[in-house]
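Reading through the structure tokens given below for one structure.
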Amino acid sequence: MVAALASRIGLDRLRFKKVDKVVALSVLGAVLLAWIVVVALDTMMAFVNEINDVGTGDYTLAKAVTYILLTVPRRMYQFFAYGSLIGGLMGMGALAASGELTALRAAGMSKLRICASVVLALTVLTAVVALMGELIAPRAQQKAESLALTAKNRDVAIGKGGTLWARDGSTVINAKRGRTHADKSGVPTIELSEVRVFEFTPAGQLSALSIAKTATHINGEWTLHDVRRTDFEGRSATSKTEETAKWKSQLDPNVLAVSMIHPEYLSMSDLTRNIDYMNRNLQDATTYKVAYWGRIFYPLNVLVLAFCAVPFAFGQLRTGGLGKRLFMGMALAISYYFFQKSVVSMGAVYNFNLAVVNALPSLFLAVAAFVYFRRNA
């Protein structure tokens, strides 16, 4: 079989398209299979967790299923890197088991050239996934969060564009965005931006309107910052401004925290809008910047990781070392994940350029792979 494949491909010179076709058919099939399995496992575990909330408010089993289905695009985007890594190793392992990988090496192909074929096969699929993560996943995730939150808690809802609406007795609150973070002392804080508090009389008439730049919840108390309050009485209205004002509200900060969309789930356009807003108002936009640059370098991270892990599939199968190499490849992926998170977190803490910080782990891995291929062509 090895001889037949070698003869079919040609020992003197391998045609570019035929080589890529041989590798792509094996790798892409394995990637799709591994990707589906990983996403399915994560989806099933999430569904089991959601079942525990069925019966809370108006949250039914049908709504739980709908919620899970809406989160699938986000999960597909999130786990594609792992699917491509595992699938790439499985596809190359299949080529090695059938002897085709040996034939390619005997025909004069270097490990670098074979790995480049793997990356070429994954490039188009990675571009499609990146596009899905920008256009489909954020909107579907937002609809999922809105569905679950509205069903579980009738007093809180997510409006168009991720705006927050909540009711606290005769008071209605609107905030354009919210986030959770820790202050300088490490105390967890919930912060709402561009807040409007509408106060109504028992008859349903507007009695007061407070417009605040931000609202924070610290140590069990809500505080409005840079607030302008307007009281309505009959045909007259009086206004006053304050730097800070205590806001007596029973609004549950834990419910609000659940309703806030994580920055990593937002699209690049939404991230850009949030970063611009926070920069204009001299607020810390680090969490949004980290998510933004993570999206920018997502395709590079996927391809570099697959490129560097595939060499673990090479070697003599008779020694029984393929399983070991597969394990080492996945161990590389896990190590790379923690290494990248550590580098990005340190860069954010020490205010380094986040574009450079996000690029460093991939560049480091690419250089290490280049050195390996130079020594083991």
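The values are calculated or read from the model by the stated rules, or taken from the named source; none is laboratory data. If you're wondering where the values come from, they're calculated on a predicted model, not measured in any experiment. Virtual Cβ from ideal backbone geometry, glycine too; neighbours counted across all protein chains shown.
Among residues of segment 274-305 being of a type in the set (A, V, I, L, M, F, W, C) and modelled with pLDDT under 80, the one that is nearest to Leu101 (Cα to Cα) is Met278.
Out of Asp20, Asp12, which single residue is closer than 29 Å to Leu303 by Cβ, among the acidic types (Asp, Glu), at pLDDT below 90 and more than 24 Å from the chain's Cα centre (by Cα)? Exactly one residue qualifies, and that residue is Asp20. Within segment 98-109, residues that are on the phi > 0 side of the Ramachandran plot reach partners that are part of a helix (DSSP H, G or I) with beta carbons closer than 6 Å, at six or more positions or on different chains, in the pairs Gly99/Val2. Given the condition under 24 Å from Ile296 (Cα atoms), surrounded by fewer than 18 Cβ atoms within 10 Å (Cβ to Cβ) and not hydrophobic (A, V, I, L, M, F, W, C), answer yes or no: does some residue in segment 89-102 qualify? There is no residue in segment 89-102 that is under 24 Å from Ile296 (Cα atoms), surrounded by fewer than 18 Cβ atoms within 10 Å (Cβ to Cβ) and not hydrophobic (A, V, I, L, M, F, W, C). With respect to the stated conditions, Gly83 fails to be at pLDDT 90 or above, in a helix (DSSP H, G or I) and not β-branched (Val, Ile, Thr).
Taken across segment 123-134, residues that are acidic (Asp, Glu), under 28 Å from Ala348 (Cβ atoms) and at pLDDT 80 or above do occur, with at least one present. Any residue at all in segment 193-204 that is outside any strand (DSSP E or B), within 22 Å of Ser239 (Cα to Cα), of a type in the set (Val, Ile, Thr) and modelled with pLDDT of 85 or more? So far as segment 193-204 goes, yes, one or more of its residues are outside any strand (DSSP E or B), within 22 Å of Ser239 (Cα to Cα), of a type in the set (Val, Ile, Thr) and modelled with pLDDT of 85 or more.
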